[in-house]
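Reading through the structure tokens given below for one structure.
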């Protein structure tokens with residue numbers, strides 16, 4: 001009997017959910033409420049890809065990913081605990097599946113690879129390890145409580161995948177900014193995928209002042225040229241004092257969209273008492289954030305961006321369509337990776 005949460009796919013340890021499991025059964029037989037997808041491309045999350053690249057080098061990343069998937073039946077970086085998502089074509093749909101998908105649909109999964117049963121069958125022969133989008137052949141399994149989006153016809157598949165990979169960030173930013181009512185907003189990592197979409201979402205939601213913090217002058221120039229922020233500053237997000245000095249007056253809302261660890265305290269220092277910090281990064285140490293706020297006597301609300309907000313996929317794609325500057329940043333990133 002299948003479970004909508006995927007419990008029947010857990011090999012070890014017994015009794016945990018698929019995301020917590022050490023190993024999943026990734027066989028491609030389709031259960032009653034499952035969907036089997038022929039995988040075309042993986043999109044590793046930024047924190048995971050950075051960690052793997054730094055540990056193994058570009059030449060060794062492919063073998064590292066293959067080893068993880070072979071041993072675990074899913075893609076879950078053992079250091080960061082994160083995975084990413086995938087693009088593929090629906091091969092089979094169980095008679096009781098509630099997802100509304102049909103055989104032949106091209107879809108992007110909106111649940112993490114850390115809980116998605118996955119097989120790779122081509123040895124990642126077409127991937128050189130140079131970026132986080134991974135062309136591959138294999139199969140994946142979606143459960144009754146999984147989420148997937150049918151790819152839009154008006155956007156290239158790679159572009160749509162890049163947006164859907166981070167679609168939770170702009171949707172949650174929109175919700176938080178509207179709740180605060182015309183706040184000042186800081187985005188750490190404002191030049192990246194989730195950061196640029198979050199800046200655009202904050203602007204649309206009525207932010208009174210937008211500050212983007214980026215690590216290099218090159219990224220600063222790109223964000224300025226795109227007109228995504230009122231102020232663009234350059235600082236190392238891992239240096240709390242440098243962040244606070246670069247930002248100046250504390251902001252009402254800080255959105256953390258970085259792919260490196262150690263940025264918790266800078267985000268807290270840059271946020272005014274009574275403000276909100278949204279940690280939308282798999283590199284975040286939530287114990288460091290909680291204890292850091294306590295040690296700094298910072299009266300800030302801290303939210304975990306869990307990647308799911310109702311309607312988040314459509315929201316992010318519509319934002320990309322409506323904001324030419326954001327689309328240009330995404331397309332430039334795709335060109336660099338090609």
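The values are calculated or read from the model by the stated rules, or taken from the named source; none is laboratory data. No experiment lies behind these values; they were computed from the predicted model shown. Glycine also receives a Cβ, built like all others from the backbone with ideal geometry; neighbour counts cover every protein chain displayed.
Just a few scattered comments:
- Residue 285 farther than 18 Å from residue 174 by Cα, assigned by TED's automatic domain parsing to the domain that holds residue 173 and modelled with pLDDT under 90: yes
- Among (1) farther than 16 Å from residue 131 by Cα; (2) outside any strand (DSSP E or B), the one test that residue 63 misses: (1)
- Sole exception among (1) outside any loop (DSSP other than H, G, I, E, B); (2) under 30 Å from residue 209 (Cβ atoms) for residue 182, by number: (1)
This table checks each residue for (1) in contact (Cβ under 8 Å) with a residue 40 or more places away in the chain; (2) not assigned by TED's automatic domain parsing to the domain that holds residue 25.
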position: 121; (1), (2): no, no
position: 143; (1), (2): yes, no
position: 146; (1), (2): yes, no
position: 158; (1), (2): yes, yes
position: 191; (1), (2): yes, yes
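- Looking across region 305-333, the residues that are surrounded by 13 or more Cβ atoms within 10 Å (Cβ to Cβ) and either in the same structural domain as residue 114 (by TED's automatic domain parsing) or closer than 27 Å to residue 275 by Cα (or both) come down to 305, 307, 308, 309, 312, 313, 315, 316, 319, 326.
- Region 80-100: number of residues that are over 22 Å from residue 17 (Cβ atoms) and assigned to a loop (DSSP other than H, G, I, E, B): 2
- Taking the listed residues 168, 192, 181, 206, the one that is modelled with pLDDT under 95 and more than 20 Å from the chain's Cα centre (by Cα) is 181, with no other qualifying.
- Count of residues meeting criterion [free of Cβ contacts under 8 Å to residues at least 40 places away in the same chain and either on the phi > 0 side of the Ramachandran plot or surrounded by 13 or more Cβ atoms within 10 Å (Cβ to Cβ) (or both)] in region 291-303: 9
- Filter result for residue 316 (assigned to a helix (DSSP H, G or I), under 20 Å from the mean Cα position of the chain (by Cα) and either farther than 20 Å from residue 255 by Cα or touching a residue at least 60 places away in the same chain (Cβ under 8 Å) (or both)): yes
- For the criterion of being in the same structural domain as residue 87 (by TED's automatic domain parsing), under 16 Å from residue 70 (Cα atoms) and buried (at least 22 other Cβ atoms within 10 Å of the Cβ), residue 39 passes.
- Where residue 163 falls short, out of the listed (1) modelled with pLDDT of 95 or more; (2) surrounded by 22 or more Cβ atoms within 10 Å (Cβ to Cβ); (3) over 15 Å from residue 34 (Cα atoms): (1)
- Among the residues of region 254-274, the ones that are in a strand (DSSP E or B) and either crowded, with 24+ Cβ neighbours inside 10 Å or modelled with pLDDT under 95 (or both) come to 4 in all.
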